[in-house]
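Notes follow once the structure below has been shown.
The values are calculated or read from the model by the stated rules, or taken from the named source; none is laboratory data. It should be emphasised that the depicted structure is a prediction, and the values quoted were computed from it without experimental measurement. Every residue, glycine as well, gets a Cβ built from its backbone with ideal geometry; the counts of neighbours run over all protein chains shown.
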Amino acid sequence: MFDVILADGLVLDGTGAPARRLDVGIRSDRIAAIGNLTGASADRRIDAAERIVAPGFVDIHTHSDFVLLVDGAAESQIRQGVTTEIVGQCGHSCAPWTGLAAGARFFGYREAGVDLNWRSFGEYLDRLEAAKPALNVAAFVGHGAIRDTAIDRGTPEVGAMMALAEAAFDEGAIGLSTGLEYWPGIEAPFDEIVSMAKVAAKRGGLYATHVRNRDLYCAQAFAEAIDTAKLSGARTQISHIQPKFGAPPGAMADALAAIDAARQAGADVGFDVIPHEWSHTYVAAMLPPWAREGGTAATLARLRDADARARMKINPAPIWRLVEARHWDRIVLLDSAANRDSVGRTFAEIGARRGVDPHDAAFDLLIEEGEGMAGLLWTSRNFEDADVCMCLRHPDGIAMSDTMALSPRGPLARAIGSLGGYGWTARLLGHYARDRAVLSLPDAVARITSKPADRAGLKDRGRLAVGMFADAVVFDPATIADLATAADPRVHPAGIEAVLVNGRVAFAAGDGAGGARAGRVLRGGR
Ligand SMILES: [Zn+2]
């Protein structure tokens, strides 16, 4: 007797091995049998004939830290088969936190009645658990959150920051991330980064880094990440590695060659890639570091000052060279609380509607967003298709979303995390694997199951095998497709038919809305 049988599917076990026609039997939260279960009974039998049955997808890099507290339904991810997310990336995490400057601190922050009463990493994970997420969540501690905490308490002294990182690992963090292109990580010297990565190495956690630069100076930035791995001994993950508009020709191939050479020399360096050509970030990241000093109120005052504003436009290290090159037609407003009517428009359009230069329009939008300026997001066609394909063809390339888990109804209905937010797995499996044969389907599935699970150190997830947790996806390989567009980004993909999290049906075609919310917070060291 089983609770669920996924019957007669083409089972991809997540290792990259070819599909085999098998039944998968689930009892409680684990896979109890794989084989011919024709005669067995089950409370629920899901017909998977001519469908792929795969492990639940593991998204090794998301920014759902705050939005999961607002709404744990996470439909945008569940409906594309994601059953585990790893938050706390790019130096951003919701803890540790001193209680200051909430809106400026938390990626995806919005006024939504969330009680901001946590401070420590363990308290944050407790809050996450209480939000009953539909998917499993593991968390990195962000170096930015640690550095902000140290600054709030006095100075960013390395020993104090290392102690804060140790505490986060004690309380359940499974890794540590940096965001060296973002405030406040941008201020951190190299020796501080190595010291922080040493804590990750000591605790067996992954060190993930959003490197200092991914355009003109990307070779130098990738070298910093590789040197950090060598000097700290940390297992190191270069996040969303694809270079941005303005990178020198050959930058992607050079980076992968440098990684391969480092691995030959014994350093453990890996990388992941967004399976998309559109990049996204928060608009405030366009400001030079000096403009962010002193917190949101100080930043807003500078944005209102004509002289400071003129100087802000001269930024030797802009987050996007598209801004410097004034490609405002390739930059689209993705999320705003104060200017919803401008969401989905290019900054060329937004500037024209306001009768101001698009650069000033971006500054004005920041002012109008006020304390919630971290929630002002934009997206741009910033990546090269050839670079994405090169990463996917590399045998160790992991695919991930860099997005936020949202739902098209409820308090996050109008939010958006990225253009791939509702369809990144379907884009990998449909567009890159099936339609263009950049990689095989079993290989593509491995890039979002066993490989990220192993890299992040998740126990008993990422594979379909007896004894593993019953996180699983049933999809139609013939029809799976990402349907989201810049004009209409909140569309679930085609082809996903059932999703199970810890043995419970989180989504099944025909069931209607409101599947089980059976996700767990996966704490390190347990
Ligand atoms: Zn990042």
Within region 8-63, strands (runs of 3 or more DSSP E) holding 1 or more residues that are within 16 Å of the ligand (Cβ to nearest atom) and out of contact with any helix residue (DSSP H, G or I) (no Cβ under 6 Å at 6 or more places or on another chain)
57-59
Take the residues in region 70-100 that are of a type in the set (A, V, I, L, M) and touching a helix residue (DSSP H, G or I) at 6+ places or on another chain (Cβ under 6 Å), then tell me which one is nearest to the ligand (Cβ to nearest atom).
Ile86
Checking Ile186 against (1) within 16 Å of the ligand (Cβ to nearest atom); (2) in contact with a Ser or Thr (Cβ under 8 Å, 6 or more places away or on another chain); (3) under 30 Å from Gly250 (Cα atoms); (4) aliphatic (A, V, I, L, M): exactly one of these is not met. Which one?
(2)
Looking only at region 212-220, decide whether some residue is within 14 Å of the ligand (Cβ to nearest atom), buried (at least 24 other Cβ atoms within 10 Å of the Cβ) and either within 18 Å of the chain's Cα centre (by Cα) or hydrophobic (A, V, I, L, M, F, W, C) (or both).
yes
What pairs come out if I take residues in region 205-217 that are in contact (Cβ under 8 Å) with a residue 60 or more places away in the chain and pair them with residues that are within 14 Å of the ligand (Cβ to nearest atom) and basic (Lys, Arg) whose C-beta lies under 7 Å away, six or more apart or interchain?
Asp215/Lys244
Going by the conditions given, is Ile151 away from the ligand (no atom under 15 Å from the Cβ), farther than 24 Å from Lys459 by Cα and among the β-branched types (Val, Ile, Thr)?
yes
What tally of residues in region 506-526 results from selecting those that are among the hydrophobic types (A, V, I, L, M, F, W, C) and either buried (at least 21 other Cβ atoms within 10 Å of the Cβ) or in contact with a Phe, Trp or Tyr (Cβ under 8 Å, 6 or more places away or on another chain) (or both)?
4
Please go through region 242-282 and pick out each residue that is of a type in the set (Lys, Arg) and in contact (Cβ under 8 Å) with a residue 60 or more places away in the chain.
Lys244
Meets criteria (of a type in the set (D, E, K, R), free of Cβ contacts under 8 Å to residues at least 60 places away in the same chain, over 25 Å from Leu522 (Cα atoms) and crowded, with 22+ Cβ neighbours inside 10 Å) for Asp23:
yes
May I ask you to list the residues in region 164-183 that are more than 15 Å from the ligand (Cβ to nearest atom) and not aromatic (Phe, Trp, Tyr)?
Leu164, Ala165, Glu166, Ala167, Ala168, Asp170, Glu171, Gly172, Ala173, Ile174
Selection from region 2-51 of residues that are more than 26 Å from Lys451 (Cα to Cα), β-branched (Val, Ile, Thr) and more than 31 Å from the chain's Cα centre (by Cα):
Thr38
Check region 266-281 and report whether any residue there is out of contact with any Phe, Trp or Tyr (no Cβ under 6 Å at 6 or more places or on another chain), aliphatic (A, V, I, L, M) and surrounded by fewer than 20 Cβ atoms within 10 Å (Cβ to Cβ).
no
Kindly list the number of the only condition in (1) within 27 Å of Gly246 (Cα to Cα); (2) modelled with pLDDT of 95 or more; (3) among the charged types (D, E, K, R) that fails for Asp335.
(2)
Residues that are more than 16 Å from the ligand (Cβ to nearest atom) and under 17 Å from Ala247 (Cα atoms), drawn from region 364-386
Arg381, Glu384, Asp385, Ala386
May I ask you to say which residue of Ala465, Ala456 is out of contact with any helix residue (DSSP H, G or I) (no Cβ under 8 Å at 6 or more places or on another chain), surrounded by 24 or more Cβ atoms within 10 Å (Cβ to Cβ) and under 17 Å from Thr84 (Cβ atoms)?
Ala456
Taking region 305-326 and keeping only residues that are assigned to a helix (DSSP H, G or I) and under 26 Å from Thr379 (Cβ atoms), one is left with Arg309, Met312, Arg321, Leu322, Val323, Glu324
Residue satisfying condition, being within 16 Å of the ligand (Cβ to nearest atom), of a type in the set (Val, Ile, Thr) and touching a helix residue (DSSP H, G or I) at 6+ places or on another chain (Cβ under 9 Å), within set Ile238, Ile259:
Ile238
Could you list all residues from region 189-211 that are within 16 Å of the ligand (Cβ to nearest atom) and in a loop (DSSP other than H, G, I, E, B)?
Val211
Candidates Ala298, Ala229, Ala253, Ala285 - the one that is within 16 Å of the ligand (Cβ to nearest atom) and either in contact with a strand residue (DSSP E or B) (Cβ under 6 Å, 6 or more places away or on another chain) or part of a helix (DSSP H, G or I) (or both)
Ala285
Residue pairs qualifying under the 7 Å Cβ cut-off, at least six apart or on distinct chains, with the first in region 60-74 being closer than 17 Å to Val141 by Cβ and modelled with pLDDT of 95 or more and the second being away from the ligand (no atom under 13 Å from the Cβ) and assigned to a helix (DSSP H, G or I), are Ile60/Pro452; Ile60/Arg455; Ile60/Ala456; Leu68/Leu128; Leu69/Arg127; Leu69/Leu128
Please work out which residue is surrounded by the most Cβ atoms within 10 Å (Cβ to Cβ), limiting yourself to region 482-497 and to residues that are more than 20 Å from the chain's Cα centre (by Cα) and part of a loop (DSSP other than H, G, I, E, B).
Gly495
Considering only residues that are surrounded by fewer than 22 Cβ atoms within 10 Å (Cβ to Cβ), more than 20 Å from the chain's Cα centre (by Cα) and of a type outside the set (D, E, K, R), which ones fall in region 176-200?
Pro189, Phe190, Val194, Ser195
Over region 141-175, the set of residues in a loop (DSSP other than H, G, I, E, B) and surrounded by 17 or more Cβ atoms within 10 Å (Cβ to Cβ) is Pro156, Glu171, Gly172, Ala173, Ile174
Right, Ala518: of a type in the set (Gly, Ala, Ser), outside any loop (DSSP other than H, G, I, E, B) and modelled with pLDDT of 95 or more or not?
no
